[in-house]
């Protein structure tokens, strides 16, 4: 196998192949060996396809410089170079490439980029991160939790511990302190209870939400954080603007009325 530095040589080989095609295919012993008319079980076309297959794979590595760890993303290129023994008459890669082109095989490049599973994201082209529990990438890449605690993609807020309906401290515009199923505090929006999903545990909620147990909804509800639901979302995420409707904070934000 050759890697990234093989791009230039590969281009030369393919260019040589193209030149041969433009001049017409030479049905010599190399061509006959690759086409394999006399050997119907010989994998000539398959071997050519493999030889013409270039793979570009995204990879990552880490490097520590002065105690700071950097993640480096790069692409590694692999180009097959093996010529099968039965094609010994081809006398080198240029003739073998030409013969493969003459039987109708064309170069194919495959790019492989790792995909991340549920609850994970590739941040800035680096390795997959668990955004459900990573306090440096909580719910989204780069969302750092000052508390150092990330629950189901939402940052815990220790100053909100012990919150309950009737004593919900403010933690931002239209944002209040709530408590979730694991008894940790968090900062959530004051929104209508009507569309919110029932829950018993944080796992009942989608990523980025926790099971809020201390709202004024009269039931446990899945609630996002204010860090992910800004004021505009908090103001619009309502079932209606009925003043008698239940709200997570006990009453709708004054801006709605």
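The values are calculated or read from the model by the stated rules, or taken from the named source; none is laboratory data. What you see is a predicted model, and the numbers here were worked out from it, not measured in a lab. Reconstructed Cβ throughout: ideal geometry from the backbone, glycine too, with neighbour counts over all protein chains shown.
Of all residues in region 237-250, those that are modelled with pLDDT under 85 and within 8 Å of residue 190 (Cβ to Cβ) total 0. Would you confirm, using the coordinates I've provided, whether residue 64 is touching a strand residue (DSSP E or B) at 6+ places or on another chain (Cβ under 7 Å) and exposed (fewer than 15 other Cβ atoms within 10 Å of the Cβ)? Spelling it out, it is not the case that residue 64 is touching a strand residue (DSSP E or B) at 6+ places or on another chain (Cβ under 7 Å) and exposed (fewer than 15 other Cβ atoms within 10 Å of the Cβ). Scanning region 190-211 for residues that are over 18 Å from residue 245 (Cα atoms) and either under 28 Å from the mean Cα position of the chain (by Cα) or crowded, with 19+ Cβ neighbours inside 10 Å (or both) yields a total of 12.
Return yes or no: is residue 204 closer than 27 Å to residue 118 by Cα, in the same structural domain as residue 122 (by TED's automatic domain parsing) and touching a strand residue (DSSP E or B) at 6+ places or on another chain (Cβ under 8 Å)? Answer is yes for this residue.
Scanning region 200-213 for residues that are within 13 Å of residue 185 (Cβ to Cβ) and touching a helix residue (DSSP H, G or I) at 6+ places or on another chain (Cβ under 9 Å) yields a single hit, 210.
Name the single residue that is surrounded by the fewest Cβ atoms within 10 Å (Cβ to Cβ) among those in region 168-189 being at pLDDT 90 or above and part of a loop (DSSP other than H, G, I, E, B). It comes out as 183.
Summed over region 128-167, the residues that are exposed (fewer than 15 other Cβ atoms within 10 Å of the Cβ), farther than 14 Å from residue 184 by Cβ and free of Cβ contacts under 8 Å to residues at least 24 places away in the same chain give a count of 4. Applying the set (1) modelled with pLDDT under 85; (2) surrounded by 14 or more Cβ atoms within 10 Å (Cβ to Cβ); (3) out of contact with any helix residue (DSSP H, G or I) (no Cβ under 7 Å at 6 or more places or on another chain); (4) not assigned by TED's automatic domain parsing to the domain that holds residue 152 to residue 69 leaves exactly one unmet item: (2).
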